[in-house]
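Take a look at the structure below.
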Amino acid sequence: MQIYLVGGAIRDRLLHIKNADHDWCVTGATPEEMLKLGFYRCGKDFPVFIHPETHEEYALARKERKEGHGYHGFICDFGKEVTIEEDLLRRDLTINAIAEDEDHNLIDPTGGIDDLNKRILRHVSDAFIEDPLRVLRLARFYARFAKYGFKVAYETIALCKKVVASNELTHLTPQRIWLETEKALATDNPELYFIFLEDIGALEQTMPEISALSNVPQEELYHPEGNAFNHTMLTLKESVRLTSYLPLRFAMLTHDLGKVLTPKEQLPAHPMHRALSKDIITSFAKRLQTPNEYLDLALKIGATHTYVNLLTMNPKELLTIFTKMDAYRNHYNITYLAIALAADFFGRKISFTKPFYPPYFISYLFTQSLKINVADIIKEGFKNKEISEELAKRRINVISKAQKLLQEQYEDYDNFI
């Protein structure tokens with residue numbers, strides 16, 4: 001039996017990136033021998049074992065051959081005779097196909113170290129096309145490593161397009177698509193994940209709602225970046241600068257999906273896109289089986305993201321925004337909305353020469369409305385439905401006064417359209 005450190009731990013160490021995860025590959029062993037050593041099995045489809053003390057994963061070396069469609073369409077051979085080189089040759093990218101033996105010698109049969117030095121993401125072999133999930137994994141690695149100067153090899157892009165043409169991506173389960181997408185959202189350049197998939201035609205097969213934004217025009221005066229997909233990608237990129245909270249990044253990915261449903265006669269304007277967002281965001285998130293936390297915030301942001309006319313808007317409309325954000329129950333939701341407004345505004349190809357105040361405005365207006373105490377209303381003798389009506393009335397009054405105060409303080413405010 002021989003044990004090798006494999007994959008990401010070596011790749012990241014060579015790139016001088018911190019990586020706390022360690023994956024191990026075992027040759028010359030059987031599942032029964034691993035169990036006798038105290039490991040316990042966790043993989044149903046593959047022979048993966050958990051170390052009893054470190055809880056790290058140890059997988060038996062294996063070879064694979066394609067027998068069906070999708071991610072699960074493989075027959076595996078994990079006999080004792082499978083070598084570490086054979087195991088590495090079944091992996092997706094050369095930079096992930098490096099192993100280290102117990103004497104700290106590196107095994108690199110595919111030139112992964114050279115590709116690391118050249119900053120290239122390259123497939124190990126033409127067997128890359130047999131697993132459609134690898135297209136999403138490649139896009140995710142591109143989003144993660146682009147900041148270090150990595151590019152995707154031309155020949156690898158060509159293979160990805162073959163996968164798209166084969167329609168194999170349509171056999172991926174929603175869970176697998178979401179798993180890769182969520183990991184991509186956690187990178188420093190999540191927009192590149194979606195842009196890469198869109199450029200090769202894969203986004204239409206995996207997330208058609210996001211891909212459809214490419215066909216949605218916008219008013220050039222306010223959106224010189226072009227279609228709604230371009231704006232969404234710029235907004236998502238901007239959100240990374242403002243927050244590490246993944247549900248909010250997801251909300252920025254979906255915030256303009258309502259534009260897909262804008263009637264043609266209204267284009268390129270989208271006066272009702274916030275009101276139209278609910279059904280399409282819901283169907284998209286539920287199809288991918290995203291956590292409820294993601295869907296809930298996406299629906300809130302989709303319905304309320306407006307930074308125009310905050311100081312002249314009917315205060316009743318502002319109260320509706322605060323209510324839709326469920327801000328009176330969870331005050332931090334206004335912070336999420338303020339971040340979303342900033343990401344949405346700066347997610348455009350426009351040179352900004354003046355301060356952008358709406359995130360402050362929305363927070364201030366909400367905070368002022370919090371001064372109205374329900375307990376005081378009850379003490380005054382209001383009952384049942386009267387309580388909620390009086391509460392809304394007083395909040396609207398406070399919001400109106402706060403708007404006027406801000407108008408006086410910011411005389412140069414020009415609606416920030």
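The values are calculated or read from the model by the stated rules, or taken from the named source; none is laboratory data. Keep in mind that what you see is a predicted model, and the values were worked out from it rather than measured. Glycine also receives a Cβ, built like all others from the backbone with ideal geometry; neighbour counts cover every protein chain displayed.
Selection over the range 65-85 of residues that are charged (D, E, K, R) and either modelled with pLDDT of 90 or more or touching a helix residue (DSSP H, G or I) at 6+ places or on another chain (Cβ under 8 Å) (or both) gives a count of 2. Of note, LEU405 satisfies the criterion of being farther than 30 Å from LEU246 by Cβ, free of Cβ contacts under 8 Å to residues at least 12 places away in the same chain and either surrounded by fewer than 17 Cβ atoms within 10 Å (Cβ to Cβ) or not polar (S, T, N, Q) (or both). When THR323, THR312, THR335 are screened for being β-branched (Val, Ile, Thr), surrounded by fewer than 20 Cβ atoms within 10 Å (Cβ to Cβ) and within 20 Å of the chain's Cα centre (by Cα), only THR335 passes. Among the residues making up the range 232-253, those that are among the basic types (Lys, Arg) and within 11 Å of the chain's Cα centre (by Cα) are LYS237, ARG249.
Just the residues that are among the polar types (S, T, N, Q), out of contact with any helix residue (DSSP H, G or I) (no Cβ under 8 Å at 6 or more places or on another chain) and not in a loop (DSSP other than H, G, I, E, B), please, taken from the range 265-317. Correct list: GLN266, ASN292.
Taken across the range 352-371, residues that are of a type in the set (Lys, Arg), under 27 Å from the mean Cα position of the chain (by Cα), surrounded by fewer than 16 Cβ atoms within 10 Å (Cβ to Cβ) and part of a loop (DSSP other than H, G, I, E, B) do not occur at all. Scanning the range 318-329 for residues that are hydrophobic (A, V, I, L, M, F, W, C) and in a helix (DSSP H, G or I) yields a count of 4. When you scan the range 398-416, do you find a residue that is at pLDDT 95 or above, among the aromatic types (Phe, Trp, Tyr) and within 30 Å of the chain's Cα centre (by Cα), even just one? No, every residue in the range 398-416 fails to be at pLDDT 95 or above, among the aromatic types (Phe, Trp, Tyr) and within 30 Å of the chain's Cα centre (by Cα). Within the range 279-308, the only residue that satisfies the criterion of being in contact (Cβ under 8 Å) with a residue 24 or more places away in the chain, more than 20 Å from LEU185 (Cα to Cα) and exposed (fewer than 15 other Cβ atoms within 10 Å of the Cβ) is VAL308. Here SER211 passes the criteria (1) within 22 Å of GLY258 (Cα to Cα); (2) out of contact with any helix residue (DSSP H, G or I) (no Cβ under 6 Å at 6 or more places or on another chain); (3) surrounded by fewer than 20 Cβ atoms within 10 Å (Cβ to Cβ); (4) not acidic (Asp, Glu) except the one numbered (2).
Looking for something of a type in the set (Ser, Thr, Tyr), closer than 29 Å to ALA165 by Cβ and under 15 Å from the mean Cα position of the chain (by Cα) - is there at least one such residue anywhere in the range 195-214? For the range 195-214, residues of a type in the set (Ser, Thr, Tyr), closer than 29 Å to ALA165 by Cβ and under 15 Å from the mean Cα position of the chain (by Cα): present. In the set (1) within 17 Å of ILE95 (Cβ to Cβ); (2) not in a helix (DSSP H, G or I), LEU159 fails one condition alone, (2).
Just one of TYR154, TYR222, TYR148 is more than 20 Å from PHE284 (Cβ to Cβ) and either modelled with pLDDT under 95 or surrounded by 20 or more Cβ atoms within 10 Å (Cβ to Cβ) (or both); which is it?
So the residue among TYR154, TYR222, TYR148 that is more than 20 Å from PHE284 (Cβ to Cβ) and either modelled with pLDDT under 95 or surrounded by 20 or more Cβ atoms within 10 Å (Cβ to Cβ) (or both) is TYR222.
Within the range 2-17, residues that are crowded, with 16+ Cβ neighbours inside 10 Å reach partners that are assigned to a loop (DSSP other than H, G, I, E, B) and among the aliphatic types (A, V, I, L, M) with beta carbons closer than 6 Å, at six or more positions or on different chains, in the pairs ILE10/ILE98.
Which residue is farthest from GLU85 (Cα to Cα), if the candidates are limited to the range 13-46 and must be more than 27 Å from the chain's Cα centre (by Cα) and of a type in the set (Lys, Arg)?
Going through the qualifying residues, I end up with LYS36.
Table: residues versus (1) aromatic (Phe, Trp, Tyr); (2) more than 26 Å from ASP126 (Cβ to Cβ); (3) touching a Leu at 6+ places or on another chain (Cβ under 9 Å); (4) at pLDDT 95 or above.
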site: LEU35; (1), (2), (3), (4): no, yes, no, no
site: ARG41; (1), (2), (3), (4): no, yes, yes, no
site: TYR58; (1), (2), (3), (4): yes, yes, no, no
site: ILE95; (1), (2), (3), (4): no, no, yes, yes
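On the given criteria, is ASP103 over 25 Å from the mean Cα position of the chain (by Cα), farther than 28 Å from LEU242 by Cβ and either assigned to a helix (DSSP H, G or I) or of a type in the set (Lys, Arg) (or both)? When the stated conditions are applied, ASP103 does not pass them.
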